[in-house]
Amino acid sequence: MSEPQGTEGSTRRLPVMEPVTEQEAPGSGPPRPPGPDAAGGPAGRFWSARRVPAGIVALLVLLPAGAFLYDIAAVRTGRSALGPRRELARLLAERPLDDTWVLVGAGVAAALGFWLLVLALTPGLRKVLPMRRTLPDVRAGLHRDAAATVLRDRAMEVAGVQSARVRMRRRKARVRALSHFRDLDDVRTDLDGVLDDAVRGLGLARPPAVSVRVARPGRKG
């Protein structure tokens, strides 16, 4: 019987893999919250798709353009022009530029064009408040009604507040509260502190200023 090839003198100790602790492992710690340096640019307002105005404009352009195109094609094929186009051409030829209806039509067209320019140059979605951007590729917004609900719930937690009403705007939040006990100045002071903390907790890019007014409920009857 042959003896085994290895001997005690030729055996080598295999390396032992020591467990790596959480502190030694690179990047194994808890994820750090993104700081200001991780912000992905300014948090501007959200732009509306403007589907309804775009649909109205497309319809107003498509219908007259289609009618005029059909009329031109009919005239080129030897048919007579449509009655509305002949009547429109006659009215434009006979009416002077200072006619009342001409001025009214020009005013309506100018107002419509100005409205379309305003829609094209403004972002819209005024009810969505942009939140702070902490990641480059993530944008978030908070609806005004949701923000107002949060502020109202926080206001109702203050001792002495019977009811509260919040009107949320982009730049300012108006809080109207009714207090049925405690001094009004004390209630207002507590509301100022609670609502300031609540506004900061919303994470908005432009936190609105808070205006607080406290009054006594009216007498019934």
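The values are calculated or read from the model by the stated rules, or taken from the named source; none is laboratory data. All values reported here derive from a predicted model rather than from experimental measurement. Counting neighbours? That spans all protein chains shown, and the Cβs are built from the backbone with ideal geometry, glycine included. We work out accessible area using only protein heavy atoms, side chains counted, and drop any ligands, DNA or RNA first. Shrake-Rupley method; radii C 1.70, N 1.55, O 1.52, S 1.80 Å.
First measure r as the distance between the Cβ atoms of residue 85 and residue 196, then evaluate 1/(1 + (r/R0)^6) with R0 = 45 Å and state the FRET efficiency to the nearest 0.05. Efficiency at R0 = 45 Å is approximately 0.10. May I ask you to derive the FRET efficiency for residue 101 and residue 215 from their Cβ-Cβ distance with R0 = 41 Å, giving the value to the nearest 0.05? The value I calculate is 0.15. Sequentially through segment 157-164, phi angles give Karplus couplings (6.51, -1.76, 1.60; θ = phi - 60°) of 7, 6, 5, x, 7, 8, 8, 8 Hz, Gly and Pro residues having no value and appearing as x. Computed over neighbours whose Cβ is under 15 Å from that of residue 182, the net charge equals -4, Lys and Arg +1, Asp and Glu -1.
When Lys and Arg each count +1 and Asp and Glu each count -1, what net charge do the other residues less than 14 Å away from residue 81, Cβ to Cβ, add up to? Charge balance in the 14 Å sphere: +3. Rg of the Cα atoms in segment 139-215, relative to 2.2 N^0.38 Å, amounts to 1.05.
By the equivalent-ellipsoid construction on the alpha carbon gyration tensor, segment 62-221 comes out with semi-axes of 60, 22, 13 Å, ordered largest to smallest. Ligands, DNA and RNA are left out, and with a 1.4 angstrom probe the accessible area of segment 52-207 is 68 Å² per residue.
For segment 140-146, backbone phi angles converted through the Karplus equation (6.51, -1.76, 1.60; θ = phi - 60°) give residue-by-residue couplings of 9, x, 10, 5, 4, 5, 5 Hz, Gly and Pro being listed as x.
The residue 49 and residue 171 beta-carbon pair, evaluated with R₀ = 22 Å, returns a calculated FRET efficiency of approximately 0.35. Sketch the reach of a paramagnetic label on residue 118 as a point 7 Å from Cα along Cα-to-Cβ, and name the residues of segment 54-69 whose backbone nitrogen lies under 18 Å away. Taking a point 7 Å out along Cα→Cβ of residue 118, the residues of segment 54-69 whose backbone N falls under 18 Å are 54-57.
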